[in-house]
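Some notes on the structure that comes next.
The values are calculated or read from the model by the stated rules, or taken from the named source; none is laboratory data. Fair warning: this is a prediction, and the values are worked out from it, not measured in the lab. Every residue, glycine among them, receives a Cβ derived from its backbone with ideal geometry; neighbour counts consider all protein chains shown. We work out accessible area using only protein heavy atoms, side chains counted, and drop any ligands, DNA or RNA first. Shrake-Rupley method; radii C 1.70, N 1.55, O 1.52, S 1.80 Å.
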Amino acid sequence: MRVWIDQDECSGVGVCVQDCPQVFVLGSDGLAYVTVGGRMYASNEHAIVDDAFLDSVLDAVEGCPEECIYIDTA
Ligand code: SF4
């Protein structure tokens, strides 16, 4: 699956990091990023994330107060 965050909308509350710390991290700028293999992905990059994390990523999508986490399972 592909996962990305629109950092322009992120408020940095960190719900996503709580729901799925394997996929989401807070950067030094206080905003959330998708991370895979130690790399942090910016807004315009779609990270390829292991489908094993689908349920917790969906929890993050649903819990995000800004609705700025996007997922494409196609
Ligand atoms: S839950 Fe949404 S608003 Fe909160 S840090 Fe994560 S992406 Fe940003």
By the scheme Lys and Arg +1, Asp and Glu -1, what is the net charge of all other residues having a beta-carbon under 13 Å from that of Phe53? -4
Paramagnetic label zone (point 7 Å from Cα along Cα-to-C-beta, Asp8; backbone N under 17 Å) in the range 45-68: 45-46, 66-68
Sequence order, the range 64-74: Karplus ³J(HN,Hα) from phi using 6.51 cos²θ - 1.76 cosθ + 1.60, θ = phi - 60°, Hz rounded, Gly and Pro as x, gives 5, x, 9, 6, 10, 9, 10, 9, 10, 9, 5
Please state the shape class of the chain: rounded when a/c is under 1.5, otherwise prolate if a/b exceeds b/c and oblate if not, all from the C-alpha gyration tensor. rounded
Dipole of the range 2-72, Cα-centred, from +1 at each Lys and Arg C-beta and -1 at each Asp and Glu C-beta, to the nearest 20 debye? 300 debye
Using a 1.4 angstrom probe on the protein heavy atoms only, line up Asp59, Asp72, Asp8 by accessible area, largest first. Asp8, Asp59, Asp72
In the neighborhood of Met40, defined by Cβ-to-Cβ distances under 15 Å, what is the net charge if each Lys or Arg adds +1 and each Asp or Glu adds -1? -2
Relative contact order computed over the chain (Cα-Cα under 8 Å; 6+ residues apart), in percent: 45 percent
Lys and Arg at +1, Asp and Glu at -1: neighbours of Asp29 with Cβ under 15 Å from its Cβ sum to -3
